[in-house]
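Beneath this line is the structure, given in structure tokens, with notes to follow.
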Amino acid sequence: MLGVIICVAFASFTSAFPYHQPGLESVRISGGSNATIREIPYIVQMNQDYTDISDCNASILSRLWLVTAAHCLVGLLASDVTIRAGTDKFMKDGVVIGASNLYVHPNFNNDTLDYDIGLIKLASPLTFGPNIAPISLAGAKPAIGTSAVVSGWGDLNAFSHKAPEQLQKVTLPVVADSQCPGVHTERMLCAGNSSDYKSPCYGDSGGPLAVGNTLDFFK
């Protein structure tokens, strides 16, 4: 089976958030390797209601703004959300900041995950440094075959639901839209590999898919 991620969209931009196509297996970032925060300083963990639960991630756009998946924000108030930046350890170290506003795309469809994009405005600004830095938005759709890096603290195994202590990353090729039948819309792109089972897993939602030094949004 093809292990794929579907990257879903916002207005005229297409974004990169992990979504699993029903019926396609994601066994083992599953199949990835350890990463350091200095490799991926734009990733942050999302925590709900000041608990030790973190099912989603987000990416830093600026000192006050983060981008994530809409399905990570539905039903939440800003007061329910904190983020943890500047650490590659799961729910440890780094800087914890609350949210002041949450924004879900008005066209978000919870059934198809079309327009699955949301924004978080922080209650106080981040301080940039080697472990905390923004990522730019890409200006063009990546070509088929382009390598993209997905990162997060999602389950290492789809059957164990055990999050890793260390940030994980996996490199996947951008593939043709036809490789994601049934779930792809014109605001999505598809990435994956038919030769292995490397993919995002539960807990990677909202995290980045990056091509080079850009978060993969394209007009």
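A short reminder: the numbers here are calculations on the coordinates, not readings from a lab. Everything quoted here is computed from the prediction, not taken from an experiment. No Cβ is skipped: glycine too gets one built from the backbone with ideal geometry, and neighbour counts run over all protein chains shown.
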Name the long-range amide H neighbours of THR146: under 5 Å, sequence gap of 5 or more, or other chain; modelled H, no Pro or chain starts. VAL174
Taking H as built 1.01 Å from N, whose amide H comes closer than 5 Å to the amide H of GLY206, not counting residues under 5 places away? ASN57, ALA69
Once Lys and Arg get +1 and Asp and Glu get -1 on their Cβ, which of ALA58, PRO106, GLN48 lies farthest toward the positive end of the dipole of region 42-113? ALA58
